[in-house]
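This report concerns only the one structure given below.
The values are calculated or read from the model by the stated rules, or taken from the named source; none is laboratory data. Quantities reported herein were computed from a predicted structural model and do not represent experimental measurements. FYI the Cβ positions are ideal-geometry reconstructions off the backbone, even for glycines, and counts take in every protein chain you see. Heavy atoms of the whole protein, side chains included, go into the accessibility calculation; ligands, DNA and RNA do not. Shrake-Rupley method; radii C 1.70, N 1.55, O 1.52, S 1.80 Å.
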Amino acid sequence: MKIVGKDEMEQIQDENDAVSLCSLFAGGESFGIDTRKIREVLGKRELQRVPLAPAMIAGVVPYRGEVLTTVNFRALVGMGEYAETGCVLVLDDGEGGERFGLVVDEVGGVVTVDRRKLEANPTTLEARAKWLFDGAYKMQTGLMVQLDPQKLRPSRLTETGLFKQGTNGRDA
Amino acid sequence: MGAPDKRDVDDLTKEFLAESQEGLDRMERCLTELESRPEDAGALVGEIFRAVHTIKGTTGFLGFERLEKLAHAGEHLLGSLREGKLAVTSELISGLLRLMDGLRAILKLIEETGGEGTRVGDDDSELIAELAELNGTAPEKVEEEAPRHELAVVGEAHAEAAAAKQAAAPSAASSAGSNDKTLRIDVDVLNRMMNLVGELVLTRNQMLQSGMEAANFPELARRLDSVTADLRETVMQARMQPVGNLFGKFPRMVRDLARTCGRDVRIEFSGQETGLDKSLLEAIKDPLTHAVRNAVDHGIEAPADRVLAGKPAEGLLRLRAFHESGSVVIEVADDGAGISMEKVLKKAVERGLVSEEQAQSMSEREALQLIFLPGFSTATAVTTVSGRGVGMDVVRANVEKVGGSVELESKIGVGTTLKLRVPLTLAIVPALVVRSGGQSFALPQTALVELVYVPRREAETAVERIGAAEVYRLRERLLPMVWLGRLLGLEMSASEESHGFYLAVLEAEGCRYGLVVDDLLAPEEIVVKPLSAVLREIGLFSGATVLGNGTLALILDIAATAARAGVKPVEERVEETETSEVKAHAESEMQFLIFEDRARERTAVPLNVVERIESVPLAQVEYAGGRALLQYRGELLPLTDEGNVLAELEADNASDVLATVLICGGAGTGARTRTGMVVRRVLDVSAGAVLDRDDATGGMELAIVKEKLTTIHRDFDTRAAAWQEVA
């Protein structure tokens with residue numbers, strides 16, 4: 001794991017504004033999640049598909065004596081299926097809520113950014129993405145979109161009704 | 001959850017609440033016993049007195065004045081009772097029961113709000129006056145007590161009222177839950193658990209240090225296995241609660257119910273100490289309550305009717321709990337009027353659940369099953385029919401939800417027995433793991449009736465169609481088929497076509513159907529893990545489990561699958577009656593076990609009389625009075641040897657010759673005598689048509705089995721009986 005954005009870190013004046021994000025990749029785009037919300041990075045895992053589950057559910061995976069439901073990030077943002085095995089992150093919002101997994105293509109490293117540098121979502125963004133994304137940080141390599149684990153919770157996702165369409169019965 | 005609401009309830013109070021509840025439970029039991037066994041009054045009143053006294057003592061210490069006042073009034077009354085100043089009467093017991101309710105209500109309020117509360121109507125003076133009156137004291141005394149009581153309460157009223165209002169609404173719903181979430185465990189059990197966990201840690205350390213290659217690895221693995229098993233058993237034990245906890249509330253309920261219904265009912269228990277998982281105990285609480293209510297309300301007749309029927313005026317309700325083949329059975333038996341079959345059938349026909357002809361041909365057992373149909377219970381008119389049936393479908397659904405089953409037996413004029421059969425625990429269930437569309441699924445063994453393999457060459461002909469529905473002919477009964485892969489929208493693997501398929505015959509909530517799967521894996525004891533809400537919503541999976549090979553398998557909800565596939569219990573029943581007619585026609589066509597006894601002669605016995613096929617060392621065959629005998633499982637079996645196989649084997653003179661013996665029971669006739677039949681070799685099991693009886697062969701019948709002539713044995717019973725006489 002290399003530390004990306006060392007230069008930026010030096011520019012952060014106030015320590016209180018520093019946020020550590022874990023970078024993730026899906027379909028060539030980069031995203032970031034606050035490291036404090038990540039419980040564990042499981043790495044590449046084969047998932048057990050759940051028939052008839054909503055398309056946003058990637059499947060289930062055993063995790064410390066529990067059966068963890070995982071969210072397929074690609075399905076959320078409307079990307080096609082990833083040809084290879086995805087990486088699983090275990091997220092926990094820390095408020096006694098459910099623990100769940102997030103499946104992305106690749107997990108990068110930890111990046112420290114300045115909270116104040118967060119750019120708001122563009123107004124032209126479509127409704128689903130607007131709901132999912134918190135905004136973006138300008139990195140040297142491109143933009144990194146910040147995600148809120150709270151909003152990625154499977155129960156939250158079904159509540160919004162934005163991601164209803166399709167089930168895991170692929171042939172349907 | 002709800003923790004902030006209860007910040008007022010400190011540990012001391014919590015302990016007091018638990019203790020008081022137990023005391024009151026004891027009091028309730030004693031009170032109902034007191035009524036039925038006045039001769040034991042001394043001991044029982046003493047027990048009740050102690051319960052109330054303890055509450056009174058502790059409340060004074062904790063500062064719950066309202067509770068103390070009420071408990072004091074009760075104690076006073078009980079004191080007089082104990083000293084023999086008062087006699088036990090029905091009114092007195094009713095009064096004491098109301099006292100108990102009063103105490104319970106205040107305890108509940110304390111649990112919810114942290115204070116004993118004084119909402120409007122939270123006034124016990126009326127109850128206290130009633131108790132005093134029962135005690136024979138002049139009511140004036142109460143009147144001077146009442147204002148004081150109110151004064152005492154007013155001080156805390158304001159603070160408490162606000163808290164009560166806030167907490168009352170949300171906690172009312174959760175209050176039942178809060179009590180269910182705590183569990184009292186024997187410290188010994190907890191210590192044992194801690195020991196085992198220590199052992200587990202030690203074993204892990206050793207394993208980590210020695211590594212996989214170490215010579216003692218197998219030994220460590222064995223130790224790990226035994227420690228895990230012990231730990232599992234201990235945790236299970238900790239979760240076990242005596243069924244008596246559940247039974248405890250029934251005497252009171254039955255008493256109240258009997259009074260309102262004008263019945264005279266005595267309740268008897270046995271097997272209260274039978275342990276059952278706490279979550280299961282909760283799950284069967286409602287069905288059991290329902291069953292008991294039904295028994296009192298509709299099962300047991302009014303005293304006058306009972307006397308007319310020549311039974312004692314007092315009805316008897318028996319609750320029994322016992323272990324039976326790995327599950328716990330809870331039996332609710334009454335000695336009431338029983339269920340009238342004609343009325344049930346009449347009602348069922350009226351409701352359009354079965355047709356007139358079907359009703360005619362129904363056996364008593366089948367007719368009783370009608371009571372469990374959902375349509376049967378909705379109307380109030382049913383109560384006047386037979387009594388049972390009000391919400392019996394709900395009872396069955398609830399019990400089956402936890403993997404149990406319900407059986408009903410009834411005899412007119414003698415009574416009705418309802419059996420609730422539940423597994424010992426929910427956490428670990430035996431299951432069969434199957435594969436479909438490249439995925440593993442677990443089917444609970446409780447729902448599994450049998451497995452059928454349909455080989456590829458038969459696959460085409462085995463599936464028959466009625467309209468669009470596919471059925472399989474299983475022993476001349478049409479079984480609706482459900483393709484698991486198709487139902488779940490799984491991709492069909494190409495290899496599926498190459499071999500046949502398996503049919504798992506499942507039964508749940510009265511639906512019987514064949515689930516088609518690609519492959520069967522091993523039966524396993526699976527640990528049930530809950531699924532997240534999103535996946536529960538799919539409705540077909542009751543959980544997931546990690547298999548021995550580390551992969552996950554979803555646990556299929558058998559009843560929900562049936563519902564999703566459109567399998568209905570009613571349709572099934574229709575088929576049942578139809579096929580029973582078919583069965584009658586097909587009587588001449590039956591299953592045979594075919595073997596060879598005399599050289600080259602094929603002989604067969606009906607398959608249903610054969611219990612086992614044993615290979616017996618010749619040395620074990622003994623002789624008495626010229627007859628060959630075999631000591632088999634503590635029984636002396638006479639051996640028949642038509643083909644003189646034994647003599648032939650003997651002639652071989654080899655030391656370890658094995659004789660093939662068919663162990664035949666007198667099936668169907670009720671005769672318990674078994675016989676052994678020595679045969680040369682067993683050939684096949686097949687269906688065959690019986691030819692007309694041929695006098696020339698005496699007791700023998702001939703049949704065409706697989707297009708070959710075969711002799712049939714059928715006369716075991718007579719022969720065995722004859723032998724018995726000789727002996």
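With the requirement that a residue be open to solvent by less than 40 Å² (accessible area, probe 1.4 Å) and out of contact with any Leu (no Cβ under 7 Å at 6 or more places or on another chain), what does the range B:19-30 give you? Answer for the range B:19-30, where residues must be open to solvent by less than 40 Å² (accessible area, probe 1.4 Å) and out of contact with any Leu (no Cβ under 7 Å at 6 or more places or on another chain): B:23, B:27, B:28. If you go through the range B:260-271 one residue at a time, do you hit one that is within 16 Å of the chain's Cα centre (by Cα) and closer than 23 Å to residue B:372 by Cβ? Looking for residues that are within 16 Å of the chain's Cα centre (by Cα) and closer than 23 Å to residue B:372 by Cβ, one finds none in the range B:260-271, hence no.
Let's see how each residue does on (1) in a helix (DSSP H, G or I); (2) over 19 Å from the mean Cα position of the chain (by Cα):
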{"position": "B:316", "(1), (2)": "no, yes"}
{"position": "B:330", "(1), (2)": "no, no"}
{"position": "B:343", "(1), (2)": "yes, yes"}
{"position": "B:354", "(1), (2)": "no, yes"}
{"position": "B:366", "(1), (2)": "yes, yes"}
{"position": "B:370", "(1), (2)": "yes, yes"}
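Listed here are the residues, each with its yes/no results for (1) more than 14 Å from every other protein chain (Cβ to nearest Cβ); (2) at pLDDT below 85.
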{"residue": "B:376", "(1), (2)": "yes, yes"}
{"residue": "B:409", "(1), (2)": "yes, yes"}
{"residue": "B:424", "(1), (2)": "yes, yes"}
{"residue": "B:427", "(1), (2)": "no, yes"}
{"residue": "B:440", "(1), (2)": "no, no"}
{"residue": "B:448", "(1), (2)": "yes, no"}
{"residue": "B:460", "(1), (2)": "yes, yes"}
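Only one entry of B:68, B:91, B:83 meets the criterion of being open to solvent by 60 Å² or more (accessible area, probe 1.4 Å) and within 14 Å of residue B:107 (Cβ to Cβ), and that entry is B:68.
When residue B:235 is tested against (1) free of Cβ contacts under 8 Å to residues at least 40 places away in the same chain; (2) in a helix (DSSP H, G or I), only condition (1) is not met.
Taken as a whole, the range B:292-312 holds no residue that is within 27 Å of residue B:261 (Cα to Cα), at pLDDT 85 or above and in a strand (DSSP E or B). Scanning the range B:31-61 for residues that are open to solvent by less than 10 Å² (accessible area, probe 1.4 Å), among the hydrophobic types (A, V, I, L, M, F, W, C) and more than 31 Å from the chain's Cα centre (by Cα) yields B:34, B:45, B:48, B:51, B:52, B:55. The number of residues in the range A:49-73 that are part of a loop (DSSP other than H, G, I, E, B) and within 8 Å of chain B (Cβ to nearest Cβ) comes to 6. Scanning the range B:256-310 for residues that are in contact with a strand residue (DSSP E or B) (Cβ under 8 Å, 6 or more places away or on another chain) and among the charged types (D, E, K, R) turns up B:263, B:264, B:266, B:268, B:273, B:277, B:278, B:301, B:306.
Taken over the range A:129-154, the criterion of being outside any strand (DSSP E or B), over 12 Å from residue A:33 (Cβ atoms) and open to solvent by less than 30 Å² (accessible area, probe 1.4 Å) is satisfied by A:129, A:154.
Conditions (1) modelled with pLDDT under 80; (2) under 19 Å from residue B:597 (Cβ atoms); (3) open to solvent by less than 60 Å² (accessible area, probe 1.4 Å), marked per residue:
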{"position": "B:609", "(1), (2), (3)": "yes, yes, yes"}
{"position": "B:619", "(1), (2), (3)": "yes, no, no"}
{"position": "B:630", "(1), (2), (3)": "no, yes, yes"}
{"position": "B:643", "(1), (2), (3)": "yes, yes, yes"}
{"position": "B:646", "(1), (2), (3)": "yes, yes, yes"}
{"position": "B:649", "(1), (2), (3)": "yes, yes, yes"}
{"position": "B:654", "(1), (2), (3)": "yes, no, yes"}
{"position": "B:657", "(1), (2), (3)": "yes, yes, yes"}
{"position": "B:663", "(1), (2), (3)": "no, yes, yes"}
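Every residue, every condition in (1) within 30 Å of residue B:34 (Cβ to Cβ); (2) at pLDDT 80 or above, yes or no:
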| site | (1), (2) |
| --- | --- |
| B:172 | no, no |
| B:178 | no, no |
| B:189 | no, yes |
| B:206 | no, yes |
| B:220 | no, yes |
| B:227 | no, yes |
| B:247 | yes, yes |
| B:259 | yes, yes |
| B:274 | yes, yes |
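Within the range B:678-691, if we keep just the residues that are open to solvent by less than 10 Å² (accessible area, probe 1.4 Å) and touching a Phe, Trp or Tyr at 6+ places or on another chain (Cβ under 8 Å), the residue that is modelled with the highest pLDDT turns out to be B:679. When the range B:269-291 is limited to residues that are outside any helix (DSSP H, G or I) and open to solvent by 50 Å² or more (accessible area, probe 1.4 Å), the one that is nearest to residue B:332 (Cα to Cα) turns out to be B:269. Tell me, yes or no, whether the range B:86-104 has at least one residue that is farther than 25 Å from residue B:183 by Cβ, in a helix (DSSP H, G or I), among the polar types (S, T, N, Q) and touching a residue at least 24 places away in the same chain (Cβ under 8 Å). For the range B:86-104, residues farther than 25 Å from residue B:183 by Cβ, in a helix (DSSP H, G or I), among the polar types (S, T, N, Q) and touching a residue at least 24 places away in the same chain (Cβ under 8 Å): present.
With the structure loaded, tell me whether residue A:65 is surrounded by fewer than 18 Cβ atoms within 10 Å (Cβ to Cβ), closer than 25 Å to residue B:533 by Cα, over 13 Å from the mean Cα position of the chain (by Cα) and touching a residue at least 60 places away in the same chain (Cβ under 8 Å) or whether it fails that test. The answer is no for residue A:65. Note on the range B:476-565: enclosed strands (runs of 3 or more DSSP E) holding 2 or more residues that are in contact with a helix residue (DSSP H, G or I) (Cβ under 7 Å, 6 or more places away or on another chain) and away from chain A (no Cβ under 14 Å) are B:477-483, B:501-508, B:511-517. Taking residues in the range B:262-283 that are of a type in the set (Phe, Trp, Tyr), and partners anywhere that are crowded, with 16+ Cβ neighbours inside 10 Å and assigned to a strand (DSSP E or B), the pairs with Cβ atoms closer than 9 Å and at least 6 places apart or on different chains are B:269/B:318; B:269/B:319; B:269/B:320; B:269/B:321. Scan the range A:87-108 and tell me whether some residue there is assigned to a loop (DSSP other than H, G, I, E, B), within 13 Å of chain B (Cβ to nearest Cβ) and within 25 Å of residue B:556 (Cα to Cα). Yes; the residues of the range A:87-108 include at least one that is assigned to a loop (DSSP other than H, G, I, E, B), within 13 Å of chain B (Cβ to nearest Cβ) and within 25 Å of residue B:556 (Cα to Cα). Looking only at residues in the range B:323-360 that are farther than 12 Å from residue B:414 by Cα and at pLDDT 85 or above, the one that is surrounded by the most Cβ atoms within 10 Å (Cβ to Cβ) is B:330. Selection of the range B:99-153 for residues being at pLDDT below 70 and of a type in the set (S, T, N, Q) yields B:118, B:137.
Residues considered: B:208, B:202, B:190, B:246. Of these, the only one that is surrounded by fewer than 16 Cβ atoms within 10 Å (Cβ to Cβ), touching a residue at least 40 places away in the same chain (Cβ under 8 Å), on the phi < 0 side of the Ramachandran plot and not β-branched (Val, Ile, Thr) is B:190.
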